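Novice: Below is one structure. I have some questions about it.
The values are calculated or read from the model by the stated rules, or taken from the named source; none is laboratory data. Just so you know, these numbers come straight off a predicted model, no measurement behind them. No Cβ is skipped: glycine too gets one built from the backbone with ideal geometry, and neighbour counts run over all protein chains shown. Just so you know, the surface numbers come from the protein's heavy atoms only, side chains and all, with ligands and any DNA or RNA stripped out. Shrake-Rupley method; radii C 1.70, N 1.55, O 1.52, S 1.80 Å.
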Amino acid sequence: MARCLVFMVFQIYCLISTVGLPLEPAELLQLGGDVGSGRLSTDPADVLEASRDFGGFTRGEPLAVYHPSGAGDVAALVRAAYGSARDIRVSARGHGHSISGQAQVPGGVVVAMSRGGKSQPQARALPVYSPELGGHYVDVWGGELWIDVLNWTLSHGGLAPRSWTDYLYLSVGGTLSNAGISGQAFHHGPQISNVYELDVVTGKGEAVTCSEAKNPELFFGALGGLGQLGIITRARIALEPAPRKVRWIRALYSNFTEFTADQERLISQSQHGRRFDYVEGFVVAAEGLINNWRSSFFSPQNPVKLSSLKHHTGVLYCLEVTKNYDHDSTAGTVDQEVDALLGDLNFLPGTVFTTDLPYVDFLDRVHTAELKLRGKGMWEVPHPWLNLFVPASRIADFDRGVFRGILGSRTSGGPILIYPMNKHKWDPRSSVVTPDEEVFYLVAFLRSALPGAPESLEALARQNRQILDFCDDAGIGAKQYLPNHKSQPDWAAHFGDKRWARFAGLKAQFDPRAMLATGQGIFPPPPLLSDS
């Protein structure tokens, strides 16, 4: 074992020597030594994988990739880096779904928290019922993928986490470092509102257990903290009994005011029997809709009635909702509940479409689309995504300026989501920044730059900049979700004076050398080794 470790250190030393970085082998031995059964790798395949992300338009090559076998390994690595005389940067990487290189660390060490189907390095914990909490929870590794958490808890008690993201092949630590949102957030809050406890390895290499009652500053600071305060190695996730089936419904609107009024009405309904379980929506060009309505959502038995749309041009809006249920015997009750809820809405007549499917299939719907796109070579392409939180009081201005202005009828290139959430479901002690209104919308431009398409990477990036500039010029008060700012003053403006002072103070306390998650670009990292 020691001989293998020395050989790995020698490999890294040779790599460093070729790029002129004056690092001594003994210093890397310290970094790679006391790390249990973890593995420090300079394998070109590992380095290449860690140098890129889902966004596909940035690349930052680390010197090495570290594969931990548990939280102790992560703590030992960070502790060695913190104690080193050199400025060694460390970044945790989950499933690599960041957009702008947030998990990249050029010249540093990437901690590979997820490894596909082998993302769980230790034996999984069984779900537990807590009389004190009045419900179930499960403890999961920070690199675990949500799809694996779901399959595990379903097979051990028919349980499931309460809050989701639309895509399940993301790591637990990754989404909790941002927020984790989907159409359930209006009722359950984001994923960070459904966590009881965390284990976090701080930038000093200290392994800290934290919760609302124990080390609360670190607990709430790490939730939505963009990886700045530490690496999440364990999370205690709230569970609930999982339904078996989902009634999935879509309806179309041409009037934006009616569309958003109905969405806001739906998220205000809290009584279980009088609300949907999921509320989202998206924007679509009417012309493309009429000429080429294609979706796995629809079936030959559920055709689109184009006569309802023939007089509409420009932009249309699609409401998307679900109602959960357990058995076929309850389908009749679901029919009544859905009819009552839809009866209060103002969608275009003849444009309601429904389908029923298993709960897991609904939650994993994006992966189904991913497999189809992969088969066509349309997944591994640049994704210049832009996600915004827009206050409800300005969402109509956003529609006029962006959907009907900057975009016009050019809504191709990928989904454009729009749906509201309730701020009181978000804990203000977390590090996430949201607009200062009770209701705010996620507007997500989830577009792809396909080879040969008019919507090139440059064109979509330019359009994103136009959207941001419009929001600034019009005083919309939007905040970026999964934020990407280019300077510390921009980050300070993103947080606001009070929250920025708090966040910067937590950074100084828990990562005083500013060596974690430097790819976020929030706090100036120390100089690279070659600069010293």
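Novice: Using a 1.4 angstrom probe, figure out how much accessible area the range 128-241 has per residue, in square angstrom, rounded to the nearest whole.
Specialist: Value for the range 128-241: 28 Å² per residue.
Novice: Another one. Roughly speaking, to the nearest percent, how much of the range 170-291's 1.4 Å accessible area is carbon and sulfur? Mind showing how you got there, number by number?
Specialist: Numbers: 1660 of 3680 Å².
Carbon plus sulfur share of accessible area: 45 percent.
Novice: Using only Cα atoms, figure out Rg for the range 340-485 and give it as a multiple of 2.2 N^0.38 Å.
Specialist: Its radius of gyration relative to the 2.2 N^0.38 Å reference: 1.19.
Novice: Could you give the size of the charge dipole of the range 128-241 about its Cα centre, using +1 on the Cβ of each K and R and -1 on the Cβ of each D and E, expressed in debye and rounded to the nearest 20?
Specialist: Roughly 80 debye for the range 128-241.
Novice: Which far-off residues, 5 or more places away or on another chain, put their amide H under 5 Å from the one on Phe57, with H placed in the peptide plane?
Specialist: Amide H neighbours of Phe57: His383.
Novice: For the range 26-112, what is the Kirkwood hydrodynamic radius in Å, using each pair of distinct C-alpha atoms?
Specialist: 12.9
Novice: Now, a different point. Which listed residue (Phe347, Ala392, Gly375) has the Cα farthest towards the positive end of the charge dipole for the range 343-434, taking +1 on Lys and Arg C-beta and -1 on Asp and Glu C-beta about the Cα centre?
Specialist: Ala392
Novice: Moving on. Can you bin the range 146-187 into rounded, prolate or oblate? Criterion: square roots of the alpha carbon gyration tensor eigenvalues sorted a ≥ b ≥ c, rounded for a/c under 1.5, prolate for a/b above b/c, oblate for the rest.
Specialist: The shape class here is oblate.
Novice: Further question on the same structure: Over the range 337-396, average the accessible area per residue using a 1.4 Å probe and give it in Å², no decimals. Present the calculation step by step, with values, prior to reporting the outcome.
Specialist: Working: 2650 Å² over 60 residues.
Spelled out: the 1.4 Å probe surface of the range 337-396, per residue, equals 44 Å².
Novice: Here is a further query. Tally up the carbon and sulfur contribution to the accessible surface of the range 398-532 as a whole percent, 1.4 Å probe, everything protein left in place.
Specialist: 55
Novice: Using a Förster distance of 35 Å, how high is the FRET efficiency between Asp361 and Ser268, based on the Cβ-Cβ distance and rounded to 0.05? Write out the running numbers ahead of the final one.
Specialist: Numbers: r = 29 Å, r/R0 = 0.82.
Taking R0 as 35 Å, the efficiency between Asp361 and Ser268 is 0.75.
Novice: Amide H of Glu144 versus every other amide H placed in the peptide plane: which residues, excluding those fewer than 5 positions away on the same chain, fall under 5 Å?
Specialist: Counting only residues 5 or more places away or on other chains, the set is Val172, Gly173.
Novice: Over the C-alpha atoms of the range 172-287, what are the Rg and the largest Cα-to-Cα span, Dmax, in Å?
Specialist: 18.4, 57
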